[in-house]
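Quick notes on the structure that follows.
The values are calculated or read from the model by the stated rules, or taken from the named source; none is laboratory data. The structure displayed is predicted, hence computed values, not measured ones. Heads up, the Cβs are rebuilt from the backbone with ideal geometry, glycines too, and the neighbour counts pull from every protein chain shown. When the accessible area is computed, the model is the full protein with side chains, heavy atoms only, and any ligands, DNA or RNA have been set aside. Shrake-Rupley method; radii C 1.70, N 1.55, O 1.52, S 1.80 Å.
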Amino acid sequence: MIRALLFKEWKKTKWFAIGAFITGVILLTYLFLKLGRSFRMVGLEHLWDVIVNRDQFLFRDLKFFPPAVGFCLALAQFVPEMVQKRIKLSLHLPLSNRKIVFTMLGFGMTLLMIIFAMHLLILLTFSGIYFPVEITASMIYTLLPWYIAGLAAYAMMSWICLEPSWKRRIFNTLIMFASLQLFYLTDFPGAYSFIVLSVVIIPFYVLPFGYFSVQRFKVGIQD
């Protein structure tokens, strides 16, 4: 039964997942082409000086891509469930409500992590061609909070979509935007290096909130 539920979630989100992955690859390709052009125009030594001595980050264009993917995945996965009341059918499966909801949320979170991991692997591979290990590591530590923000955006948007009360949705939306600010306090290279394990807790802390919203929906709370 869980396998059937996972298949349903994949069927619902597969085209979005493929599109998000391809969009990320296109964005990374554009950034590396721009980087290659800079190498030819000003030289590798100058770019290293900009990165190391002036603390400039070359991948700022990726800043809001992960949360955008997280938002859209949650919408693609849960808006049809709530608008068309499909969630009622899912809750009648011969499984506990907790298992059903966490399977759906876990599927979305896992899918998102796979997409992000492939993007970071591509970036890690190509940046290793141009830069030494120290600069590449600094880049990854700078990017990680933004990709974790994508996971947090998914967890919070899922919570908003599954919430049956519009008043609570508005309140939850305010909480979401306030919380996402924590991931964008600075884009100074490597600024989150020592607290990245702390911020990674946020999306997994928020994820279960969607289950409580489903429980509210089940007992008929709406306004």
By a straight-distance test (C-alpha under 28 Å), which lysines pair with LYS99 as possible cross-link partners, with residues fewer than eight away in the same chain excluded? LYS8, LYS11, LYS12, LYS14, LYS85, LYS88, LYS167, LYS218
Heavy atoms only, 1.4 Å probe, whole protein assembly: order MET156, MET118 by accessible area, highest first. MET118, MET156
What are the membrane-span-like helices in the chain by this rule: whole DSSP H runs, Cα extent along the axis at least 30 Å, mean Kyte-Doolittle hydropathy at least 1.0? 97-130, 133-162
Treating each Cα of segment 131-191 as an identical point scatterer and ignoring solvent, apply the Debye formula and state log10 I(q)/I(0) at q = 0.21 Å⁻¹. -0.79
Of the candidates VAL219, ILE26, ILE170, the farthest towards the positive dipole end of the chain (Lys/Arg Cβ +1, Asp/Glu Cβ -1, centred on the Cα centre) is VAL219
